[in-house]
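This report concerns only the one structure given below.
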């Protein structure tokens, strides 16, 4: 099943130091330090906190009916109920071939409770190819930030995409089209296009060692290798897992997705500890490759 052709390929340190020294002299260093990362959301992370079923934010959800939107098939938005922490980054997520949003629904509240707005979509048809799913992810982000009932909760400059299988391929395609994205996580991705040398979006590819539908040697690893080393990237391989690992609750997927999204959508360096040095290839992880965040 060959995907349809792509319809697009869009493709003062000294002053800052002086200002910092001046503020230090005025006793304003704490305020300056706090302003260094205005996007931090939630308490300092621990291994337990990012492996937990829920984070520190209470969440709610709202259904978007397919007939009320254009460019994708509706979906469900999961979001933090409180706005006291400010606006949040947002993620659109697409399912795989023949699948519906329900196949990824376990990730919605789990990621939202860590401080994100998460939109898990249905595609226009369950047979949509990766390039179509990429377009649908982009349409979902536009709806989410411009017309959705939760748009005032979202910082439209901090957006990401995720997807499973053909939705993972769509995640990579959306990254090519929209380099302003802050993070991408394709999960056991499938795509006949293996050249992502123009990808500039920080990308975590999650493959599965026992995947026979999108074998990692044909899909995930070539995708990873094609992304330039100058772009932040990582490849995590789930030990002994099948193509359908993302369709049920999986602590390893959740843990490293949270760390990646926090690091790149929230610019939160507190999560570097989970990504660099890289996790050992033992237990649930059969291999891990990366460039190390901003190294």
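The values are calculated or read from the model by the stated rules, or taken from the named source; none is laboratory data. In this text the structure is predicted, and so the values were computed from the model without any measurement. Here the Cβ positions follow ideal geometry from the backbone for every residue, glycine too, while neighbour counts run over all protein chains shown.
Worth pointing out:
- Residues of region 170-195 that are within 13 Å of the chain's Cα centre (by Cα) and crowded, with 24+ Cβ neighbours inside 10 Å: 170, 171, 172, 174, 175, 181, 183, 184, 185, 186, 187.
- The conditions of being in contact with a helix residue (DSSP H, G or I) (Cβ under 8 Å, 6 or more places away or on another chain) and closer than 30 Å to residue 87 by Cβ are met by residue 163.
Residue-wise test of (1) touching a strand residue (DSSP E or B) at 6+ places or on another chain (Cβ under 6 Å); (2) surrounded by 16 or more Cβ atoms within 10 Å (Cβ to Cβ); (3) at pLDDT 95 or above; (4) more than 28 Å from residue 88 (Cα to Cα).
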residue: 197; (1), (2), (3), (4): no, no, yes, yes
residue: 229; (1), (2), (3), (4): no, no, no, yes
residue: 235; (1), (2), (3), (4): yes, yes, yes, no
residue: 245; (1), (2), (3), (4): yes, yes, yes, no
residue: 258; (1), (2), (3), (4): no, yes, yes, no
residue: 265; (1), (2), (3), (4): yes, yes, yes, no
residue: 272; (1), (2), (3), (4): no, yes, yes, no
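- When residue 260 is tested against (1) assigned to a helix (DSSP H, G or I); (2) more than 14 Å from the chain's Cα centre (by Cα), just one condition goes unmet, and that condition is (2).
- Residue check, residue 64 modelled with pLDDT of 95 or more, within 30 Å of residue 200 (Cα to Cα) and surrounded by 11 or more Cβ atoms within 10 Å (Cβ to Cβ): no
- Members of region 75-110 found to be crowded, with 24+ Cβ neighbours inside 10 Å and under 20 Å from residue 38 (Cβ atoms), listed by number: 79, 80, 88, 89, 90, 91
- Residue satisfying all of: in region 228-257; under 16 Å from the mean Cα position of the chain (by Cα) and not in a helix (DSSP H, G or I); farthest from residue 194 (Cα to Cα) among these: 250
- Any chance residue 96 is in contact with a strand residue (DSSP E or B) (Cβ under 8 Å, 6 or more places away or on another chain) and assigned to a loop (DSSP other than H, G, I, E, B): yes
- Within region 143-155, the residues that satisfy the criterion of being out of contact with any helix residue (DSSP H, G or I) (no Cβ under 7 Å at 6 or more places or on another chain), surrounded by fewer than 19 Cβ atoms within 10 Å (Cβ to Cβ) and closer than 18 Å to residue 181 by Cβ are 146, 155.
- Total residues in region 274-285, condition under 13 Å from residue 45 (Cα atoms) and surrounded by fewer than 21 Cβ atoms within 10 Å (Cβ to Cβ): 0
- Hey, residue 29 more than 20 Å from the chain's Cα centre (by Cα), over 23 Å from residue 120 (Cβ atoms) and at pLDDT 95 or above or not: no
- Of all residues in region 32-48 being closer than 21 Å to residue 83 by Cα and out of contact with any helix residue (DSSP H, G or I) (no Cβ under 9 Å at 6 or more places or on another chain), the one that is modelled with the lowest pLDDT: 34
- Of the numbered criteria (1) surrounded by fewer than 15 Cβ atoms within 10 Å (Cβ to Cβ); (2) in contact with a strand residue (DSSP E or B) (Cβ under 7 Å, 6 or more places away or on another chain), the one residue 220 fails is (1).
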